[in-house]
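Everything on this sheet refers to the single structure shown next.
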Amino acid sequence: MKSDLVTSLRRALGDDKVKTGRVEIGLYSHDASNMVGSAGVVCFPDSTDEVVRIVRICAEHGRAFVVRGAGTGLAGGATPADDACVISMIRMDSIESVDTSNRTAWVGPGVLNLDLSRSVAGLEPHYGLHFAPDPSSQQSCTIGGNVGNNSGGPHTLKYGVTVNHVLGLEGVLADGTIFRCGGPCEDPVGYDLTGTIVGSEG
């Protein structure tokens, strides 16, 4: 039952990170597309561990979940169905590390596209660094959403889409298992799992 799911989520995360109010449910039942779904509960984790807890609880209760960035997508990928649990990534917005020499950064999925570019633009020794994929909503869309949709924009003809700028990922599988794929090397040996995940909307 929905109440049991919500109780379990609140026990795991705290009341402030689990919302069932009419306003939240309405806002998170659609993205920027013209599709409208139905959210049952909205969660706001701020760590990978909390994402794992949410996913495992959803699995225990047989409830589907949908991961959401800023909701700026036009394809309906963040639109929940059948009272799914919406996992909003907006609180996971830290830039963990930046390596200017190798022109790489490790960031949370809730980091805004434009904020990443602004944060690295003035760093030595490579002034002018930026995150090249440039959706029209770069001032409000998140890196996680860019990854989910393999977003592009005006700069793609010169620089390529998101998949051309993601070297590695950390993710959570449907059973709550954490995985990492890719890494700092541009062309790692073996299957290109990172390339498979970017654009998968999941």
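In plain terms, the chain from residue 158 to residue 74 could stretch by 27.9 nm, reckoned as 0.36 nm per residue minus the Cα-Cα distance.
Structural descriptor for the stretch 75-131: relative contact order 25 percent, calculated from alpha carbon pairs under 8 angstrom and at least 6 residues apart. Based on C-alpha pairs under 8 angstrom that are at least 6 apart in sequence, the chain has a relative contact order of 16 percent. The alpha carbon centroids of the stretch 121-195 and the stretch 32-109 are separated by 16 Å. Of all the Cα-Cα pairs you can form in the stretch 1-147, what percent are over 28 Å apart? Every Cα pair in the stretch 1-147 considered, those over 28 Å come to 26 percent.
Take the Cα radius of gyration of the stretch 74-123 and divide it by 2.2 N^0.38 Å, with N its residue count; two decimals is plenty. Display every interim value, and only then the final one.
Details: Rg = 14.8 Å, N = 50, 2.2 N^0.38 = 9.7 Å.
In units of the globular-protein estimate, the stretch 74-123 measures up at 1.52.
Positive end of the dipole of the chain (Cβ unit charges, origin at the Cα centre): among 108, 150, 59, the Cα lying farthest that way belongs to 59. Accessible surface calculations at 1.4 Å, restricted to protein heavy atoms, place the chain at 54 Å² per residue.
All other residues with a Cβ under 13 Å from the Cβ of residue 126 taken together, and with Lys, Arg as +1 and Asp, Glu as -1, what is their net charge? If you can, show how the numbers build up before the last one.
On the way: positive: 103; negative: 99, 124.
Result for the local shell: -1.
In the chain, what percentage of the DSSP-assigned beta bridges are antiparallel, given to the nearest 5? Percent antiparallel among DSSP bridges in the chain is about 60. The Rg/Rh ratio of the stretch 69-163, with both radii computed over alpha carbons and Rh defined as the Kirkwood radius, is 1.01.
A DSSP coil position with no more than 15 other Cβ atoms inside 10 Å describes the following chymotrypsin sites (Phe, Trp or Tyr not before Pro) in the stretch 70-147: 127. A probe of 1.4 angstrom, applied to the heavy atoms of all protein chains, finds residue 123 with accessible area near 60 square angstrom. In this simple spin-label model, placing a label point 7 Å from the Cα along the Cα-to-Cβ direction at both residue 126 and residue 186 gives a separation of 1.0 nm.
The listed residues 189, 23, 166, once ranked by accessible area (1.4 Å probe) with the largest placed first, stand as 189, 23, 166.
Farthest towards the positive end of the charge dipole of the stretch 1-102, among the residues 71, 27, 97, is the Cα of 27, using unit charges on the Cβ of Lys, Arg, Asp and Glu. Taking the longest Cα principal axis of the chain as reference, the axis of helix 2-13 is set at about 50 degrees.
Taking all protein chains as present, what is the carbon and sulfur share of the accessible area of the stretch 50-157, in % to the nearest whole number, probe 1.4 Å?
Details: 2610 of 5250 Å².
Accessible surface attributable to carbon and sulfur in the stretch 50-157 totals 50 percent.
The values are calculated or read from the model by the stated rules, or taken from the named source; none is laboratory data. All of these numbers come straight from a predicted model, not from anything done at the bench. Cβ coordinates were reconstructed from backbone atoms using ideal geometry, including for glycine residues, and neighbour counts include every protein chain displayed. Areas reflect the complete protein model, heavy atoms only, side chains present, ligands, DNA and RNA absent. Shrake-Rupley method; radii C 1.70, N 1.55, O 1.52, S 1.80 Å.
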